[in-house]
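Just so you know, all these numbers are worked out from the coordinates, no wet-lab data involved. On a predicted model such as this, the values are computed, not experimentally measured, just so you know. We place every Cβ from the backbone using ideal geometry, glycine too, and count neighbours over all the protein chains shown.
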Amino acid sequence: MADNPLRGHVPLSIGIIMDGNRRLARRFNLKPWKGHEMGVKKLEEVLDWCSEFGIKYVTVYAFSTENFNRPRREFKMIMKLFKEEFLKIANNLKHKAHLYKVRVRGIGRREMLPDDVREAMEKAEEATKSYKDYFLNLAIAYGGQQEITDACRKVAEMVKKGRLKPDDINEKIFSHFLYLNGTPSPDLIIRTGGEHRLSNFLLWHSAYSELAFVDEMWPEFSKETFVSVLKDFQRRQRRFGR
Ligand code: FPP
């Protein structure tokens, strides 16, 4: 692309921990969900940048299994935002998901979600299931330890039914039972909000990911910072333990 400020290798797959919505809202004396509303807008903007740079797979941490402990009102407002966004994807063919041909998938323990949110998510998944240009995984009701535990349970079931032998289990076979099956492991994981940890995000898939920590709160994450993180990624030599 003519105005692409990134020359050279662009990551195929990235993960984003969108942290700092509430802190930004507090800074402006706003209710926490105002921060989440800004967070949704920022995600749309970041997806524009990803399509501009040709980043094909994006996995974002939108709601962890621990986030179910948020105050009741905040929880309800976040669920309302998710539902609205999923229904927009499902019903509005002018939504960017259709414009860019993005396959949208929810990853996580979806049975923990309120029925209406889960149904809206499934409608968005159905409406975008044939797209292959870009892939957006929304980690909602997600935990990395839970993902591995759920995969173990499925593997154990297969063994119990005699369809898999314990000696045949290896990393490749195991990974087919994870929620992210089909998405390449992220080359790069970015966390906004100033904390330096993974907080139970993509524990299996982050084995060789480059990590980038950004001080900006998620709603203030700028294109300039994104470009500088991507340029830094290009400079790092990836050795995969060799
Ligand atoms: C992190 O900030 C964000 C969340 C816990 C959830 C909300 C995420 C979004 C609204 C963006 C995704 C939107 C869609 C439609 C998938 P925080 O509340 O933990 O911030 P803090 O660290 O300042 O408390």
Margin query: Compute a Gaussian network model of the chain, connecting alpha carbons closer than 10 Å, and tell me which residue from Asn92, Asn200, Asn29 fluctuates the most.
Written below: Asn29
Check: Sequence-distant or interchain residues sharing an amide H contact under 5 Å with Thr59, placed H: which?
Finding: Ile14, Gly15, Ile16, Asn137
Checklist line | For region 221-235, 3J(HN,Hα) per residue [Karplus equation, 6.51 cos²θ - 1.76 cosθ + 1.60, θ = phi - 60°, Hz, x = Gly/Pro] | finding: 4, 9, 4, 4, 5, 4, 4, 5, 5, 5, 5, 4, 4, 5, 7
Next item on the list: Rank Arg191, Arg109, Arg73 by mean-square fluctuation in a GNM of the chain with C-alpha springs under 10 angstrom and give only the top-ranked residue.
Entry: Arg73
Next item on the list: Could you give the size of the charge dipole of the chain about its Cα centre, using +1 on the Cβ of each K and R and -1 on the Cβ of each D and E, expressed in debye and rounded to the nearest 20?
Entry: 200 debye
Check: Amide H to amide H under 5 Å from Val104: which residues, 5+ apart in sequence or cross-chain, H placed 1.01 Å off N in plane?
Finding: Thr128, Leu136
Notebook entry, point to check: Among Ala127, Ala156, Ala25, which one moves the most in a GNM of the chain with springs linking Cα atoms closer than 10 Å?
Noted result: Ala156
Check: Summing Lys, Arg as +1 and Asp, Glu as -1, what charge do residues with Cβ under 10 Å from the Cβ of Arg70 carry, Arg70 excluded?
Finding: +2
Next item on the list: Mind putting a number on the dipole of region 9-148 about its Cα centre? Charges go on the C-beta only, +1 for Lys and Arg and -1 for Asp and Glu, and I need it in Debye to the nearest 20.
Entry: 460 debye
Note to self: Quick check on the chain: helices-only [θ] at 222 nm, where DSSP H runs of length 4 and up contribute -39,500 (n - 2.57) each and the sum goes over total residues. Nearest 500, please.
What the structure shows: -13500 deg cm²/dmol
Check: Which residue, chosen from Leu136, Ala156, Val102, occupies the Cα position most advanced towards the positive end of the dipole of the chain, where the dipole is computed from +1 (Lys, Arg) and -1 (Asp, Glu) charges on Cβ about the Cα centre?
Finding: Ala156
Notebook entry, point to check: What is the Cα centroid distance between region 181-214 and region 95-134, reported in whole angstrom?
Noted result: 21 Å
Next item on the list: Scan region 5-67 for trypsin sites (Lys or Arg not before Pro) in coil per DSSP, keeping those whose Cβ has at most 13 other Cβ atoms within 10 Å, and list them by number.
Entry: Arg7
